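Let me begin by presenting the structure, written as structure tokens, before commenting on it.
What follows is calculated from the coordinates using simple rules that are stated; it is not laboratory data. As the structure is a computational prediction, the values presented were derived from the model and not from experiment. Neighbour counts run over all protein chains shown; Cβ positions are idealised from the backbone, glycine included.
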Amino acid sequence: MKNYTLNFRTVFRIQTMKINYKYLKIEKAGHVATVTLNRPEKLNTLSADLMQEIIDASRGFHEDEETRVIIFTGAGRCFSAGVDLTDKKNFDRIAQASNLMKLRLLKLGPRMLRAIYEIDQITIAAVNGVAVGGGACIAAACDFRVGADDCRVGYPEVGIGMNLSWVALPMCVNLIGPARAKKMVILAKREKADTLLAWGFLDEVVPTAGLMKAAHAMADQFAAKPPVAAQMVKRSVNAIASALDQAIMHMDADQFLLTTKTEDYLEGVAAFLEKREPSFKGN
């Protein structure tokens, strides 16, 4: 009888393959993994459960030395339409919590973005359809972004009287610069692919039908490079670019609590639901 010895790497690969996520689909081919947000019937909106799965999957890649590049995309016609506003269980929990616990519960989104940002491997967002709010934040947290020519990306928060939280604002500024970030976030419009490419938010724009092919072509280029050197460069660049992020944005959850207590916030939400233009008073 043969004596089989399982080392740590082998055990981890077996365990990883057995993980069954409810809202994520993870596929691996060679040195490239594809993580698909898999709630197409909900436009891949970010429920608390989906965000926790993204955190778990992102952290899991820290122990995966075979994978060198990770592609994030969305199932169906949309990358992600942002936070799931129908996630009643999560919103009821936040509403009933003390202010102290509210601040802690509101850190789920920032933890998700940080988990993506700190993935060791090179990350690529393949942006299909719409990526707004939290969806835009996920794309910005990746190292590179390939967009379908009909994709739209935007941050709608200010349009309903909220700040852009999740420590996501510095990521946007680092990609497109301060003036364009102010324009994109304050005006809260969904920008077109050609504009996003010109601004530097997208690195490449391709026909919709060729999106995943283009993302995998980019992934193959990075996967062919020596992973130790490539990942060292990634970590160093991220450290330089985000050195002051936490120091500057540590209170954005507090700002969120403040903005959601204003009359303008109530007006913004009402206008959104009633499909009309809001009338903000500064209250």
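Summing -39500 (n - 2.57) over the DSSP H runs of n ≥ 4 in the chain and dividing by its residue number, what mean residue ellipticity at 222 nm do you reach, to the nearest 500 deg cm²/dmol? Mind dumping the intermediate values first?
On the way: 14 runs with 136 residues, N = 283.
That calculation yields -14000 deg cm²/dmol at 222 nm.
Tally Lys and Arg at +1 and Asp and Glu at -1 over the other residues with C-beta under 12 Å from the C-beta of Pro40: what net charge comes out?
Working: positive: Lys25, Arg39, Lys42, Arg77; negative: Glu41.
Result for the local shell: +3.
Just to confirm the number: angle between the C-alpha axis of helix 178-187 and the first principal axis of the chain, 0 to 90 degrees, nearest 10? It is inclined by approximately 60 degrees.
Between helix 227-241 and the chain there is an angle of about 20 degrees, using the helix long axis and the longest principal axis of the Cα atoms. Hydrodynamic analysis of the range 121-269 uses the Kirkwood radius over alpha carbon pairs. Inserted into Stokes-Einstein at 20 °C and 1.002 mPa s, it gives a translational diffusion coefficient of 131 µm²/s.
Can you give the Kirkwood hydrodynamic radius for the range 165-235, in Å, rounded to one decimal and based on Cα pairs?
Details: mean 1/r = 0.0696 Å⁻¹.
With all distinct Cα pairs of the range 165-235 included, I get 14.4 Å.
Per-residue counts of other Cβ atoms within 10 Å, averaged by peptide: what ranking do you get for 197-205, 87-95, highest first? Mind dumping the intermediate values first?
On the way: 197-205: 18.1, 87-95: 13.0.
Packing proxy ranking, top to bottom: 197-205, 87-95.
Listed by chain and number, the lysines whose alpha-carbon sits under 20 Å from that of Lys28, ignoring those within fewer than 8 places in the same chain, are Lys18, Lys213, Lys225. With angles folded into 0 to 90 degrees, how steeply does helix 48-60 sit against the dominant principal axis of the chain? Use alpha carbons for both and round to 10. Tilt of helix 48-60: around 30 degrees. Modelled spin-label separation between Lys89 and Lys22, with each label point placed 7 Å from Cα along the Cα-to-Cβ direction: 0.5 nm.
At the listed q of 0.13, 0.16, 0.17, 0.22 Å⁻¹, the Debye profile of the range 217-283, built from one uniform point per Cα, gives log10 I(q)/I(0) equal to -0.67, -0.72, -0.74, -0.94.
Could you list Glu53, Glu277, Glu157 so that the one with the fewest beta carbons within 10 Å of its beta carbon is first and the one with the most is last?
Working: Glu53 21, Glu277 8, Glu157 24.
So the ranking, lowest neighbour count to highest, is Glu277, Glu53, Glu157.
Show me the ranking of peptides 123-131, 44-52, 234-242 by mean Cβ neighbours inside 10 Å, starting with the highest. If you can, show how the numbers build up before the last one.
Details: 123-131: 26.7, 44-52: 22.0, 234-242: 12.9.
So the peptides 123-131, 44-52, 234-242, ranked by packing, come out 123-131, 44-52, 234-242.
So between Asp194 and Lys213, what do we pick up on full extension, going 0.36 nm a residue minus the alpha carbon distance?
Details: separation 19, 0.36 × 19 = 6.84 nm, distance 1.92 nm.
Extending this stretch completely gives an extra 4.9 nm.
Counted residue by residue at 0.36 nm each, then reduced by the alpha carbon distance between them, the extension gain from Met232 to Thr260 reaches 6.1 nm. The modelled label-to-label distance between Glu65 and Gln221, using points 7 Å beyond Cα along the C-beta direction, is 2.8 nm.
Mind ranking 162-169, 178-185 by how tightly packed they are, going by the mean number of other C-beta atoms within 10 angstrom, highest first?
Sorting 162-169, 178-185 by mean packing, highest first, produces 162-169, 178-185.
Distance distribution P(r), the chain, all Cα-Cα pairs, bin width 5 angstrom from 0: 1, 5, 11, 16, 18, 18, 13, 8, 5, 2, 1, 1, 0, 0, 0, 0 percent. A straight Cα-to-Cα reach below 15 Å connects Lys22 with the aspartates and glutamates Glu41, Asp49, Glu53, Asp56, residues fewer than 8 places away in its own chain not being considered. Binning all Cα-Cα separations of the range 119-158 at 10 Å, short to long from zero, yields these whole-percent fractions: 32, 52, 15, 1. Among beta bridges from DSSP that stay inside the chain, the antiparallel ones total about 25%.
Here r is the Cβ-Cβ distance between Ser98 and Ala270 and R0 is 22 Å; the resulting FRET efficiency, rounded to 0.05, is 0.25.
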